[in-house]
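The structure under discussion appears below in the form of C-alpha cells.
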Amino acid sequence: MLGLAITWVLFVPAADWLARHDVASAAGSLHETAVDNARGRLLTLGAGLFAAGALVFTARNFTVSRRTLELTEQGQVTDRYTKAIEQLGSEKLDVRIGGIYALERITRDSPRDHPTVMEVLTAFIREHSHEQWPPSDHPAGRGPERSTRPDVQAALTVVGRRDPDRDIRRIDLTGADLTRADFTDAILFRAHVDGATLDGATLFKANLDGATLASATLLKANLTRAHLASATLFKANLTGAALTRADLTGADLTGAALLDAHLDGASLDGADLTVANLDNTDLTGATLTGATLTGADLTSATLTRADLTGADLTSATLTEAKLIDADLTNADLTGAILTGAMWPADAPVPEGWTLDPSSGRLE
C-alpha cells in the first residue's frame with residue numbers, strides 16, 4: 001500500500017505541480033503535454049533512485065557476506081591451529097609429525113599466522129631437541145648413534161623451507177641439539193644458532209648468511225656450498241667439517257676450531273680468522289683476499305693455489321704448511337712462524353728466512 005501511495009503522489013499531484021511550474025496556468029493540450037513530460041522525468045528519476053538503492057543494497061550485502069566469509073575462514077584456521085597444537089603434545093610420534101605438517105599448511109593458507117607458527121615450531125625444536133633419540137630404553141650395545149628426533153627433524157624441515165618474506169622475527173635455534181640433523185637447502189639466514197650442537201649435521205647448500213653460530217659445535221658437519229657470508233662463528237667448533245666451496249665472505253671465525261676441516265675452494269674474502277685453529281686444514285684453491293689470520297695456527301695446512309692477496313698473517317703459525325702456487329701479494333707475514341713451510345717458487349722469501357731449493361721449504 002505504501003508503494004502505491006508513493007506512486008500515486010509522484011504521478012498525479014507531483015506531475016501536475018511540475019506541469020504548472022513549466023506552463024503556468026495554461027490549459028488544454030498544452031497542459032496535458034506538460035503533465036506527460038513531467039511524468040516522464042519523474043519516471044526517469046524514480047528509476048535512477050531505484051537503481052542507486054539497489055546498488056547500495058547489493059554493495060552492503062557483498063561487504064557483509066565477505067566479512068562473514070573471512071570470519072568463517074579465520075574461525076576454521078583457529079580450529080585447525082588449536083587441533084595442530086594438541087597434536088604436538090601427543091605421546092605418539094606420528095601424531096606429532098602430523099601436527100607439524102598441519103601447522104605448515106596453516107602458514108600457506110593464512111600468511112598472518114606464519115610468524116606465530118614459526119615461533120611455535122622453533123620453540124618445539126629448542127625444547128625437544130635435547131631428548132635422547134633413539135630412546136634410552138633401546139637395547140644396550142646395539143643402538144645406532146644419537147641423532148635428531150624425527151618430529152624435531154620434521155619441524156626443522158618446515159622451518160627451513162618456509163617463506164622468509166613473511167618472517168617478523170629471526171629464526172631462533174639457540175642452544176638446540178641438532179646432532180646429525182638434515183638442513184639441506186634450508187633457509188636460515190640471520191638465524192640465531194648460538195651454542196647449538198650440529199655435530200654431523202648436513203647443511204649442504206643451506207643459506208646461513210648473517211646467521212649467528214657463536215660457540216656452536218659442528219664436528220664433521222657437512223656445510224658443502226653453504227652460504228655463511230657475514231655469519232658469526234666466534235669460537236665455533238668446526239673440527240673435521242666439510243666446507244668445500246662454502247661462502248664465508250666476511251664471516252667472523254675468531255678463535256674458531258677448524259682442525260682437519262675441508263675448506264677447499266671456499267670463499268673467505270675479508271673473513272676474520274684471528275687466532276683460529278686451522279691445523280691440517282685443507283684450503284686448496286680457497287680465496288682469502290684481505291682475510292685476517294693474525295695469530296692463526298695453520299700448521300700443516302694446505303694452501304696450494306690459495307689466494308692470500310692482502311691477507312694479514314701477522315704472528316701466524318705456518319709450520320709445515322703447503323703454500324705451493326699460493327698468491328701472497330701484499331700479504332703481511334710480520335712475525336709469522338714459517339718453519340718448514342713449502343713456499344711458492346715465484347714468491348719472495350720473507351726476511352730472516354731462507355729457502356731450501358731441494359725441498360722448497362723455508363728454514
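The values are calculated or read from the model by the stated rules, or taken from the named source; none is laboratory data. It should be emphasised that the depicted structure is a prediction, and the values quoted were computed from it without experimental measurement. With ideal geometry, Cβ positions are generated from the backbone for all residues, glycine too; neighbour counts draw on all protein chains shown.
Being within 20 Å of Leu328 (Cβ to Cβ) and touching a Leu at 6+ places or on another chain (Cβ under 9 Å) is true for just one of Ala261, Ala251, Ala257, Ala291. Which residue is that? Explain how you work it out, then say what you get.
Working: Ala261 fails: within 20 Å of Leu328 (Cβ to Cβ); Ala251 fails: within 20 Å of Leu328 (Cβ to Cβ); Ala257 fails: within 20 Å of Leu328 (Cβ to Cβ).
Result of the check over Ala261, Ala251, Ala257, Ala291: Ala291.
Residues are listed down the side, and each one gets a yes or a no for (1) surrounded by fewer than 21 Cβ atoms within 10 Å (Cβ to Cβ); (2) at pLDDT 95 or above:
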{"site": "Phe204", "(1), (2)": "yes, no"}
{"site": "Leu208", "(1), (2)": "no, no"}
{"site": "Asp247", "(1), (2)": "no, yes"}
{"site": "Ser267", "(1), (2)": "no, yes"}
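Residue check: is Asp185 touching a residue at least 24 places away in the same chain (Cβ under 8 Å), more than 17 Å from Asp172 (Cβ to Cβ) and of a type outside the set (Ser, Thr, Tyr)?
The answer is yes for Asp185.
Report, by residue number, each residue of the stretch 71-110 that is among the basic types (Lys, Arg) and either touching a His at 6+ places or on another chain (Cβ under 6 Å) or at pLDDT 90 or above (or both). Quick ask: steps written out before the conclusion?
Here is the first cut: in the stretch 71-110, the ones among the basic types (Lys, Arg) are 80, 83, 92, 96, 105, 108.
Residues satisfying the conditions are Lys83, Lys92, Arg96, Arg105, Arg108.
Condition check: within 26 Å of Ala341 (Cβ to Cβ) and either of a type in the set (Ser, Thr, Tyr) or touching a Pro at 6+ places or on another chain (Cβ under 6 Å) (or both). Does Thr239 satisfy that?
Spelling it out, Thr239 is indeed within 26 Å of Ala341 (Cβ to Cβ) and either of a type in the set (Ser, Thr, Tyr) or touching a Pro at 6+ places or on another chain (Cβ under 6 Å) (or both).
Go through the stretch 222-253 and give me each residue that's part of a loop (DSSP other than H, G, I, E, B) and over 18 Å from Ser267 (Cβ atoms).
The initial filter retains those residues of the stretch 222-253 that are part of a loop (DSSP other than H, G, I, E, B), namely 223-226, 228-231, 233-236, 238-241, 243-246, 248-251, 253.
Once the filter is applied, which keeps residues that are part of a loop (DSSP other than H, G, I, E, B) and over 18 Å from Ser267 (Cβ atoms), the stretch 222-253 yields Phe234, Lys235, Thr239, Gly240.
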